[in-house]
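Visitor: Would you mind keeping the following structure in view while I ask a few things?
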Amino acid sequence: MVALMGVGFYVLALPFAYFWSIPFGAAGVIMMAASFFLSETEGPVQPPEGFSFCPYCSTAVSLSAERCPHCNGVQPR
Ligand SMILES: [Zn+2]
């Protein structure tokens, strides 16, 4: 989405002011790089408070539960 906006902005600005479009295009590239970097640093999805994801079926399991209610897998402590 951010990348599309950057490309769209570059294409729209091109006929009006070619030289002015260069910094906007560069900004679009930087935003693309930043979005990739941010999506990587956000990490995996965090389970809700008091829950952890079952390692076998990824169901949210209460931390007090010893077994997953979905697949009955033993939860690691
Ligand atoms: Zn499970």
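Visitor: Can you confirm whether segment 10-30 contains a residue that is modelled with pLDDT under 90 and within 16 Å of the ligand (Cβ to nearest atom)?
Guide: Within segment 10-30 (the criterion being modelled with pLDDT under 90 and within 16 Å of the ligand (Cβ to nearest atom)), the answer is no, since none of the residues qualifies.
This table checks each residue for (1) at pLDDT 75 or above; (2) assigned to a loop (DSSP other than H, G, I, E, B); (3) of a type outside the set (Gly, Ala, Ser).
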| site | (1), (2), (3) |
| --- | --- |
| ALA33 | yes, no, no |
| SER39 | no, no, no |
| VAL45 | yes, yes, yes |
| TYR56 | yes, yes, yes |
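The values are calculated or read from the model by the stated rules, or taken from the named source; none is laboratory data. Computed from a predicted structure; not experimentally measured. Cβ sites come from the backbone with ideal geometry, for glycine too, and all protein chains shown count toward neighbours.
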